[in-house]
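K.L.:
Pasting a structure below so you can have a look.
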Amino acid sequence: MTPAALRPLAERLAAMAWPRRCPLCGALLGPDAVQGLLCPACAPWAHKLAHIPPRLTAAAHELYALTGAAAAFYYGGPVRQAILACKAHGRPWYAQELADLVAVRVFGAAPPPAPGRRPAFWNPTGIPLYDLIVPVPPRRGRGGSRLPQQLAGRLGRVLGVPVQRPLTVTRRMRPQKSLDRAARLQNTRGAYACRPGADLSGLRVLLVDDVITTGATASACALALLQAGAESVFAVSVAASEEEDLS
Ligand SMILES: [Zn+2]
């Protein structure tokens, strides 16, 4: 067997050794887990906060340099708490379930049959949707989060798309949450670049972040990817915060 073929087995053994937890509340997931990913108590929240349709509109978000963007949830309630917990404590066991929820809700993957199993993504055309998955890189200094990298790694395994990290941060940025829309665009413009020699010629890239608010970060990253030759960039996140929720 190839190493790739052994990976699902390794994931099942890991799930036995480290039981999976509900990404929204941290409770251990048992046989009653909803879609194998959420505890029954959190399922109504996931339903309430679902971003339907997942596609983000250009009216509510700044999507320059992107062909589009999508999110699994609105940024609120336990979804917001889960993302903050991942960022503050680096809880990688939450990232797996959050990425799986994105695969199910945004890309239509079949939910896993039990906690710790992988969602089944089946592409009937056999033509890959994307050539490459790229995470938004952590901000410099304190508060830089590796959650996008963790999400991208898992999403790559579920969707069967390779993951690379060509993006770097070129300068310090102020925390986006303290800024309004115009200042966010100013803060991020030109703040990302691809590593020297990165060649993304002709590649359709899926950019992964944990939260999309104005879209300024995703758009600035997309611009850097296009400058390295990417054919197109679509952004996906666990959660989206619309303009009116910015406070
Ligand atoms: Zn829960």
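K.L.:
What figure, in Å² to the nearest 10, do you get for the accessible area of R80 with a 1.4 Å probe and non-protein molecules left out?
P.N.:
Counting only protein heavy atoms, R80 exposes about 110 Å² to solvent.
K.L.:
Another question about this same structure. Roughly speaking, what is the centre-to-centre gap between region 12-46 and region 179-247 when only Cα atoms are used, to the nearest Å?
P.N.:
Each part's Cα centre sits 31 Å from the other's.
K.L.:
Hey, another quick one. What residues qualify as long-range amide H neighbours of G215, i.e. H under 5 Å apart, gap of 5 or more or another chain, H built at 1.01 Å from N?
P.N.:
When sequence neighbours closer than 5 places are left aside, the close amide H contacts are E62.
K.L.:
Sticking with this structure for a sec: With every protein chain kept in the model, how would you rank V163, V106 by accessible area, 1.4 Å probe, largest at the top?
P.N.:
V163, V106
K.L.:
Would you mind working out the accessible area per residue for the chain, using a 1.4 Å probe, and quoting it in Å²?
P.N.:
48
K.L.:
Would you mind giving the three semi-axes, in whole Å and largest first, of the ellipsoid equivalent to region 169-247 according to its Cα gyration tensor?
P.N.:
Equivalent-ellipsoid dimensions as semi-axes: 24, 15, 9 Å.
K.L.:
While we're here: What's the extension gain from A43 to T67 if we count 0.36 nm per residue and subtract their Cα-Cα distance?
P.N.:
5.5 nm
K.L.:
Under the 0.36 nm per residue contour assumption, what length would be gained going from the current alpha-carbon distance of R55 and L9 to full extension?
P.N.:
Taking 0.36 nm per residue and subtracting the Cα distance, the gain is 13.2 nm.
K.L.:
Would you please classify the overall shape of region 92-200 from the alpha carbon gyration tensor, given that a ≥ b ≥ c denote the square roots of the eigenvalues, rounded means a/c under 1.5, and beyond that prolate means a/b larger than b/c while oblate covers the rest?
P.N.:
prolate
K.L.:
Quick check: at a probe of 1.4 Å, how many percent of the accessible area of region 167-247 sits on carbon and sulfur atoms?
P.N.:
The value for region 167-247 is 49 percent carbon and sulfur by accessible area.
K.L.:
What is the percent carbon and sulfur in the accessible area of region 95-155, measuring with a 1.4 Å probe over the protein chains and ignoring ligands?
P.N.:
Heavy-atom surface of region 95-155 belonging to carbon and sulfur, 1.4 Å probe: 53 percent.
K.L.:
Farthest toward the dipole's positive end in the chain, which of L49, A235, N187, given Cβ charges of +1 (Lys, Arg) and -1 (Asp, Glu) about the Cα centre?
P.N.:
The residue sitting farthest along the positive end of the dipole is N187.
K.L.:
Let me ask another. Compactness ratio of the chain: Cα Rg over 2.2 N^0.38 Å, N = residue count?
P.N.:
My calculation over the Cα atoms of the chain gives 0.98.
K.L.:
In addition: Can you work out the Karplus-derived ³J(HN,Hα) for every residue in region 54-62? Use 6.51 cos²θ - 1.76 cosθ + 1.60 with θ = phi - 60°, whole Hz, and x for glycine or proline.
P.N.:
x, 5, 8, 9, 5, 6, 8, 9, 8
K.L.:
Here's a follow-up. Order H47, H89, H61 by their accessible area, 1.4 angstrom probe, all chains in place, largest first.
P.N.:
These residues rank, largest area first, as H47, H89, H61.
K.L.:
Relative contact order, percent, of the chain when contacts are C-alpha pairs under 8 Å separated by at least 6 residues?
P.N.:
Relative CO of the chain lands at 23 percent.
K.L.:
Assuming 0.36 nm per residue, please report the length gained on full extension of the stretch A120 to D180 beyond their Cα-Cα distance.
P.N.:
Full extension from A120 to D180 adds 17.6 nm.
The values are calculated or read from the model by the stated rules, or taken from the named source; none is laboratory data. These figures come from a predicted structure and were not determined experimentally. Glycine gets a Cβ as well: all are built from the backbone with ideal geometry, and neighbour counts include every protein chain shown. For the accessible areas, the whole protein counts, side chains as well, though only heavy atoms, and no ligand, DNA or RNA atoms are used. Shrake-Rupley method; radii C 1.70, N 1.55, O 1.52, S 1.80 Å.
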